[in-house]
Amino acid sequence: MSEHDDSLYRELVEHQQDLLVKFSPEGRLLFVNAAYCDTVGKTKEELAGSVFMPASDQRYSEVMATQMTRLFRPPYACQVEQWISSPQGPRCISWSARSITDGKGGVTAIIATGRDITRIKREHRAIRKRDDELMLLLESGTQMYFTHLPDHTLQYVSPRIRVLLGGTSRSGKRLWTDYLTDNPLNARGLERTLKAISTGRREPPYRLEFCGRNDTKIWVEINEIPVVKNKKTVAIAGYLVDVTEKKKVEEGLIEAEILLKGYGSQNKAGGDPAGEVSRGHFAALRSLISPGKSGSGGDIPPDIPDDL
């Protein structure tokens, strides 16, 4: 190599933004470029012969040591991330390393290029934190969220839905319809979903009976909306609310109303106006138990008959 070529080569190495190092199989630095010196805040003289990839955290040291064993067997290459101290604070460097061999499988030196990915790491950490906060918010209310494809294949299922239905992620079931009981009233809900998929328009809330863990029957109220792209429904997104206890109360009220009406009719036949009093008592009872609509289910939607 001519003196001109050697000068050009050094200029290319010293002026690139990526970090470039060469170290021995024992991990001692043989060469560092200017970018590496600037990053760690030390001179070439200070770094000469020092240990490459020092890590303050034992966990990082063990991970890097495990990854770097690949440098001593085919294909003699590895990638590893390293957090280092610098004048600018902790920096995360992504290294791509490759060994120089003697042609017989012996490693004589290792060359590695590194890129500062601190900003990317911090952005990912911020995204994960925001996702965790959003998930905490979603999971704190009475609503349990889900999405499924037009063919009913589940995409996202709230962790609380998995608990409610007995672990959808491990049961092998992929269609949300697999959890429906044979209750004939479920057909009305299926009709709502199919109509929303075909029209791309939101349908009113409806109720379904699911089979949960230990074959328990669970009534839920579904609120969903079709996701439409290019005039075609590509998914259904929504939330459900467990209304099993509410359903029991409603059934008890209906039964009580029938009994009170029958009692009132008997008193009327005897000339006693107790029938009017009974209806008044029932209205007061119902107003106490069902004070009005709420975000967790409220009264039965007007389009859902009382026999659901």
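Regarding Arg192, is this residue in contact with a helix residue (DSSP H, G or I) (Cβ under 9 Å, 6 or more places away or on another chain), closer than 16 Å to Phe210 by Cβ and either surrounded by 13 or more Cβ atoms within 10 Å (Cβ to Cβ) or modelled with pLDDT under 90 (or both)? Show your work before the answer.
Details: in contact with a helix residue (DSSP H, G or I) (Cβ under 9 Å, 6 or more places away or on another chain): no; closer than 16 Å to Phe210 by Cβ: yes; either surrounded by 13 or more Cβ atoms within 10 Å (Cβ to Cβ) or modelled with pLDDT under 90 (or both): yes.
Judged against the criteria, Arg192 is not a match.
Of all residue pairs spaced 6 or more apart or on separate chains, those with beta-carbon atoms under 8 Å, a first member in segment 105-117 that is in contact (Cβ under 8 Å) with a residue 40 or more places away in the chain and a second member that is of a type in the set (Lys, Arg) and open to solvent by less than 60 Å² (accessible area, probe 1.4 Å) are Asp116/Arg91. Checking each residue in segment 77-93 for being in a loop (DSSP other than H, G, I, E, B) and either touching a helix residue (DSSP H, G or I) at 6+ places or on another chain (Cβ under 7 Å) or among the polar types (S, T, N, Q) (or both) picks out Ser85, Ser86, Gln88. Here Trp176 meets each of (1) over 25 Å from Arg202 (Cβ atoms); (2) surrounded by 14 or more Cβ atoms within 10 Å (Cβ to Cβ) with one exception, condition (1). Taken over segment 32-76, the residue count meeting the criterion of being modelled with pLDDT of 90 or more, in a helix (DSSP H, G or I) and of a type in the set (Gly, Ala, Ser) is 2.
The values are calculated or read from the model by the stated rules, or taken from the named source; none is laboratory data. In this text the structure is predicted, and so the values were computed from the model without any measurement. Note that we place each Cβ from the backbone using ideal geometry, even for glycine, and neighbour counts take in every protein chain shown. Ligands, DNA and RNA are stripped out before the accessible areas are found, and what is left, the full protein with its side chains, is counted by its heavy atoms. Shrake-Rupley method; radii C 1.70, N 1.55, O 1.52, S 1.80 Å.
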